[in-house]
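The values are calculated or read from the model by the stated rules, or taken from the named source; none is laboratory data. Remember, it's a predicted structure, so these values are computed and weren't measured experimentally. Cβ placement follows ideal geometry from the backbone for every residue including glycine, while neighbour counts extend to all protein chains displayed. Just so you know, the surface numbers come from the protein's heavy atoms only, side chains and all, with ligands and any DNA or RNA stripped out. Shrake-Rupley method; radii C 1.70, N 1.55, O 1.52, S 1.80 Å.
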Amino acid sequence: MRRVSEGGGTNGGRLWEAVRAVPRTLREDLCTVARDPLPSLRWLGRLPHAHAVLFAVLMGLANANQYEPQLEPATSAATTTVATAGAMAVTLLVVLQSGAAILALSRPVPAWWLSTLALFLARTVGETKVSHAPLWSWSFPGIALHTFVLFLLALRVRPRVAAEALGLTLLSGLAAWAFAAPAQQPSLLQDAVTCTTAVVVGASLRGRRVARSQLVEQEVRTADERARRTLLEERNRIARELHDVVAHHMSVISIQAQVAPHLVKEPTDELKENLAGIRENAVEALTELRRVLGVLRSEDAPSDGVRHAPQPTLGRLDELVGKVRATGLTVVTETTGQPRPLPPGVDLSAFRIVQEALSNTMRHAPGAAVRVDLGYRPGGLTVRVTNTAPDRPAPPSPGAGHGLLGMHERTAMLGGELATGPTPDGGYEVTAILPTHTAEPAEPGEDAP
């Protein structure tokens, strides 16, 4: 029994805390003058805003015609003065109702407060009545204006705030009905249904807009994440390829350090010791390289035969061009300058850039003629691949490729420059300048200088 009592006491305490929190919640939600303008529509722009202003003006004129002072025969100057004051008060309240509907376009919460206050006073201040048999607590234009304000409010605020505004509106209607003249006994049911419908419709439209905005934001984040993952995959692939180049150099260093003592007649102990240290460091570096490669290699790494095959160089360019020609493309190659051995990283990157450019041409420009130019300069190598406009539409691409991204990463790694883009005749051009001298590579992800 004590546990039940304790549980009941705990539940009662929570309920009391919730009740005590209601005024603070209402104050935080509804006591604000923050500006929250109604956004423009994609196709209509500001046209709905102009229609809203026109609606407020027309309903204001109609509202003014619906209310009339309940004037007694003017038997004295004092009676005439009271009647005139009542008519002026009603006119002012009608203007405030229309102004609240216009204000709701930019500040919905203050507009709702103004409309609610005007609607309450229009019912209770002075000897006024609706000029027709009242089915509503207020005039129909007055209800239409306040419903419109509630609709604009529900479009911009959270559903909880809209529900709070609706509840206070209905409470103000009950209070106004309590102060109404006995001759007028309309029902509040029509008012409640109309206002509730406006809030539900506005909240639903807001929920749809918010969901659409969140979907667009999620799509942007997904695209960014996909681009980042693609970049990392491409960098891993480049790193795996360069592993073979670096491992080759380290193996050469190790072998040379091992053979060097035998090439010197009576080598000194210091020379033997230094060469042994060089070989030992080279072997340790090779071991670490294998570990790094194991980390970089993805689960879908190629088979051992492909993985351990030597990395391609420009010496295999004719073989690559022959395979492309077999697909039906016309490929012309030209070399300018004096060909010479290139650093392994430059040689591999140049081959991959040409390979990716030719693959993109086959995929996106079927039937085009391709030209591959290699320019040997004293300080580097220029690779230029151009193609003419395709002679037929390209089939849809199965997805985003890594071609241009890989070219950019390889060029930036060597501290070179890459330019890609369409040509005036409808074709495409890829130009890469790869320095062969020692240069500081660009930071990953940044454009090459």
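Sum up the charges of everything whose Cβ sits under 12 Å from the Cβ of Leu105, counting Lys and Arg as +1 and Asp and Glu as -1, but leave Leu105 out. Net charge in that neighbourhood comes out at +3. Take the Cα of Ala50, step 7 Å toward its Cβ, do the same at Val220, and the gap between the two points is 3.0 nm. For Met59, the accessible area of its heavy atoms, probed at 1.4 Å with every protein chain present, is near 40 square angstrom. Across the stretch 26-65, Cα-Cα pairs farther apart than 16 Å form 59% of the total. Its Cα gyration tensor gives the stretch 203-250 an equivalent ellipsoid. The semi-axes, each the square root of 5 times an eigenvalue, are 46, 4, 4 Å from largest down. Accessible area per residue for the stretch 16-57 is 78 Å², calculated with a 1.4 Å probe on protein heavy atoms, without ligands, DNA or RNA.
Computed with a 1.4 Å probe over protein heavy atoms only, the accessible area of Thr197 comes to about 70 Å².
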